[in-house]
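*Asks:* Following this message is one structure expressed as structure tokens.
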Amino acid sequence: MEVRLVPAPISISFSEKSVDEEAFIREYHQLAESDENAITQWLKLAKARGDTSDSDPILLQLVVELHNKIDALEMFLKNEQPKRVSLMDRAEIDSIGFEHFHFGEDVLQEGTQYYGRIEMPVHPKRDVGVFFVAKTKALAEIVKMHERDEKEWNAYMTARERVLIREAKEKKQ
């Protein structure tokens, strides 16, 4: 099986799924819902009612992001941390594909299922919950990822491919 991967430096924390499957599933769902704060829910309802038709969508999104940044700053000042499940391992992903990712070193046990939290290098920065299975000691296949996260993952991979194509073209010139 040939897997197409592109270089992409990303960090991941992970543990074997069997360590605490129930807690991992709970966090997986919480990570998806963490984007659904009060202001985001309000904006979705306003869009559904058509109340935002006269508004600039980019400006609205920037206001929501500013609100989220203020919330994050408030949490920092109060020394509050989002509650996350403790994961045993941390490693660097060196390349990604649409359904796979590859570690820079051998950190997996073939055939073992894992839960991980990937720090996506997109704006706004956020953690993505993912369940994956080890195909080799360094290659993982994504088994479960939320639809929105999957779209961002695929968009990030496509963007990385474009960068590599541009760099290859520049080298030829």
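*Asks:* If you put +1 on each Lys and Arg Cβ and -1 on each Asp and Glu Cβ, how big is the dipole of the chain around its Cα centre, in Debye rounded to 20? Working shown, then result.
*Replies:* Numbers: 25 positive and 33 negative charges, 100 e Å.
Result for the chain is approximately 480 debye, rounded to the nearest 20.
*Asks:* Cα convex hull of the chain: mean projected area in nm², to one decimal? Before the final figure, lay out each step's value.
*Replies:* Values: hull surface 53.9 nm².
Approximately 13.5 nm², given one-decimal rounding.
*Asks:* Quick one: order Asp71, Asp56, Asp94, Asp149 by neighbouring beta-carbon count within 10 Å, fewest to most. Don't jump to the answer; show the numbers that get you there.
*Replies:* On the way: Asp71 13, Asp56 10, Asp94 16, Asp149 21.
Result, fewest neighbours first: Asp56, Asp71, Asp94, Asp149.
*Asks:* Give the separation of the Cα centroids, region 71-93 to region 106-158, in Å.
*Replies:* Using only Cα atoms to place each centre, the spacing works out to 18 Å.
*Asks:* Normalising by the residue count of the chain, find the relative contact order in percent from Cα pairs under 8 Å and 6+ residues apart. Present the calculation step by step, with values, prior to reporting the outcome.
*Replies:* Values: 223 pairs, mean separation 53.2, N = 173.
Relative contact order, the chain: 31 percent.
*Asks:* 222 nm [θ] for the chain, helices only, -39500 (n - 2.57) per DSSP H run of 4+, per residue, to 500?
*Replies:* When only DSSP H runs of four or more count, the value is -14000 deg cm²/dmol.
*Asks:* Calculate the translational D of region 1-66 in whole µm² s⁻¹ from Stokes-Einstein, where the hydrodynamic radius comes from the Kirkwood formula applied to all Cα pairs, the temperature is 25 °C and the viscosity 0.890 mPa s.
*Replies:* 155 µm²/s
*Asks:* Long-range amide H contacts for Asp94: which residues qualify at under 5 Å (H placed 1.01 Å from N, peptide plane, sequence gap of 5 or more or a different chain)?
*Replies:* Under 5 Å from the amide H of Asp94: His102, Phe103, Gly104.
*Asks:* Another question, then. Tell me, what is a quarter of the convex hull surface for the C-alpha atoms of region 72-161, in nm² with one decimal?
*Replies:* 6.6 nm²
*Asks:* A further question follows. Would you mind counting up the charge near Met120? Only other residues with Cβ under 9 Å from its Cβ, with Lys and Arg at +1 and Asp and Glu at -1.
*Replies:* -2
*Asks:* Still on this model: Classify region 56-119 as rounded, prolate or oblate from the Cα gyration tensor: take a ≥ b ≥ c as the square roots of its eigenvalues, call it rounded if a/c is under 1.5, otherwise prolate when a/b beats b/c and oblate if not.
*Replies:* oblate
*Asks:* Using the Cα centre of the chain as origin and beta-carbon charges of +1 (Lys, Arg) and -1 (Asp, Glu), tell me which of Thr112, Gln41, Ile165 is placed farthest towards the positive end of the dipole.
*Replies:* So the residue furthest toward the plus end is Ile165.
*Asks:* DSSP loop (so not H, G, I, E, B), at most 16 other Cβ within 10 Å: list which trypsin sites (Lys or Arg not before Pro) in region 1-110 pass both filters. Spell out each step's value before the answer.
*Replies:* On the way: sites: Arg4, Lys17, Arg26, Lys44, Lys47, Arg49, Lys69, Lys78, Lys83, Arg84, Arg90; in loops: Arg4, Lys78, Lys83, Arg84.
The qualifying sites are Arg4, Lys78, Lys83, Arg84.
*Asks:* Here is a further query. Among the DSSP beta bridges whose two residues both lie in region 16-173, what percent are antiparallel, rounded to the nearest 5?
*Replies:* Details: 20 of 20 bridges.
Counting only bridges with both partners in region 16-173, antiparallel ones make up about 100 percent.
Any read-out appearing in this document is the output of simple, stated calculations on the displayed coordinates, not a laboratory observation. The structure displayed is predicted, hence computed values, not measured ones. Every residue, glycine among them, receives a Cβ derived from its backbone with ideal geometry; neighbour counts consider all protein chains shown.
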